[in-house]
1. Express in whole angstrom the spacing between the alpha-carbon centres of the range 165-201 and the range 308-373.
2. Each residue of the range 113-128 in order: what ³J(HN,Hα) in whole Hz does its phi give by Karplus 6.51 cos²θ - 1.76 cosθ + 1.60, θ = phi - 60°, with x for Gly and Pro?
3. Which residue, 63, 99, 125, has the largest displacement toward the positive end of the dipole of the range 57-127 when charges sit on each Cβ (Lys, Arg +1; Asp, Glu -1)?
4. Tell me, what ³J(HN,Hα) does each residue in the range 334-351 have, in order and in whole Hz, if you take phi through Karplus 6.51 cos²θ - 1.76 cosθ + 1.60 with θ = phi - 60° and put x for Gly and Pro?
5. Which peptide among 70-76, 348-354, 128-134, 441-447 comes first, and what is the full order, when sorted by highest mean count of other Cβ atoms within 10 Å?
6. Could you give each residue of the range 317-327 its phi-based ³J(HN,Hα) in whole Hz, using Karplus coefficients 6.51, -1.76, 1.60 with θ = phi - 60°, and x for Gly or Pro?
7. Taking the Cα centre of the range 5-220 as origin, sum charge times position over the Cβ atoms of Lys and Arg (+1) and Asp and Glu (-1), and report the length of that vector in debye to the nearest 20.
8. Got a sec? How would 120, 106 order by Cβ neighbour count within 10 Å, fewest to most?
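FYI, it's all coordinate maths here, none of it is from the lab. Just so it is clear, the structure is predicted and the values come from calculations on it, not from any experiment. When we count neighbours, we look across all protein chains shown, and the Cβ atoms used for this are built from the backbone with ideal geometry, even at glycine.
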Amino acid sequence: MSFDLRRAEPGRPSVITWLVAVPSVVFAFLVVAVATETSAVMRLDLDVAARAYDVTSRSDGFVSFLEAVALVFGNISCAVVLALVAVYAFVRRERAVALWIVLSATAAIGGNALLKLAFTRTRPSFDEPLYEIGGYSFPSGHSAGAGMFFTVAILVAIILTGRGWRRRVLITVFVVLALGVGASRVFLGVHYLSDVVAGLSFGMAVTMGLWVLVVSSRTRLPHELAVITGTGRKRAAVVINPSKVGDVEEFKARVRAVAEISGWNEPLWYETTVEDPGHGQATAALHEEVDLIVAAGGDGTVLAVCEEVARTGTAVGILPHGTGNLLARNLGIPLNTRDALDVVFGGQDRAIDLSTLETDSGTSTTFLVMAGLGMDAAIMTGVNDQLKSKVGWLAYFVSGVKAARFPAMKVKIKVDDGEYKKFRARTVVVGNVGFLQGGIPLLPDAQIDDGKLDVVVIAPKRFIGWLAIIVRVVGRQKRTNERLDRLTGSTIVIKAEKAMPMQLDGDPVGEGREIRANVQPGVLLVRVPVSPAAA
């Protein structure tokens, strides 16, 4: 996991303001209410405390559970965990994050203790107390610590993870835990409701305020590697496939926002058409002498832009909007648009290989990811477009099950200037990258910038043989035999005994008997995430 502070930069700057202002206002209101003993707040406190006591006093087991919560989420436990996180951030050269964590813990815990001395509010009183504790009541120390601790946890989770369901789950869990810790103090009979709400608000307000002061200003600075190439004018063009991005105007607004934050000028905009999937638009952008051309669409849009931009020295940024997105996956580019935008305007340029493919029909084209002959092409041809739009890449799995009985074919393969080797195969794949959808390592040794093409020949004898091959592929086993063989070279020639379906970067391209693939080393610059070594 790597820190990326730009992930915590919201699409709307006002979000941070609200996250500081709301808990601050709530805390201020409760300070005044408790200081003046506002009758409405006092009655609510007494009523909630009595009802909570009635619930908890009926179960000794519940009391024991609440005592365990008090121990686990006490200020000492939280301080130890935060100290470890701060050390980790410091080691990863995120000194601002480390400082923010230390200041947040000190301000929230120390500040809360001073507030208690200022208000000297007595704790709830019962004839038979559930839990004996000393000290004052307002604000709740456990709640202030929880508000601070889980705010830190949420922000750290955001800067360590990309947008998606994992982040949403983590945020939800942390919010629930924070509220749970606060509620436990009321049910244990040691705090009023206003104590807990004030504590949570105080902890959150302090932590968010320090985030703004110590950390957030740094998230607006793009990495220096983002401007190594180009004229330095930070001019970008965006080639959009409108059928993939949905609401085009909303998409443009999101791109503008991140570009502005990162110091880039207003982009030039080009939309693809059915007749031109991106070639003409990329050429027009090159004529404008932009520093970066962004491809926003599926694999077809990305390929069209890359074909035109190769060998120009202009970098290509990728905003994946398709179902395959194999190039983005293999380059570590986030599939979430907001995170991908951070890479586009703040990443670093990487020189990658481009490959050409010639067939016996006389056609010549380019591929970035993989080309294939046989069953894999049959899978691409058999994908149901309606199913693909609903379940994404899982539609390829469904098609693969249907194509599993694709007949074996006789092929011969030549690598560079070597002799032809004969195979009986179900499918042959030539790859510039190694991973399929779902992270399946079909060509685990393939590198997109090594000046080589990798070939896999798959030939299970029976349907059950696919299981052994799947195990070997997923397990990244190096061993090869007649069922699964691998070859590597700069030029690959494949000849089949009869016409077979072919695919190029996941799209079917008809049938043929012969393909010749050549690698063009390092001819394309693509914007990728900043490597840990460069950070």
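1. 45
2. Karplus-based 3J(HN,Hα) across the range 113-128 equals 4, 5, 5, 4, 5, 6, 9, 6, 7, 6, 7, x, 10, 10, 4, 10 Hz.
3. Value: 99.
4. x, 7, 6, 4, 5, 5, 5, 5, 4, 5, 4, 9, x, x, 10, 8, 10, 7
5. Values: 70-76: 14.7, 348-354: 21.1, 128-134: 11.4, 441-447: 17.7.
Put in order of decreasing packing, that is 348-354, 441-447, 70-76, 128-134.
6. The phi angles translate into x, 10, 10, x, 9, x, 9, x, 6, 5, 5 Hz.
7. On the way: 19 positive and 12 negative charges, 297 e Å.
Value, rounded to 20: 1420 debye.
8. Numbers: 120 10, 106 14.
Arranged by neighbour count, lowest to highest, 120, 106 become 120, 106.
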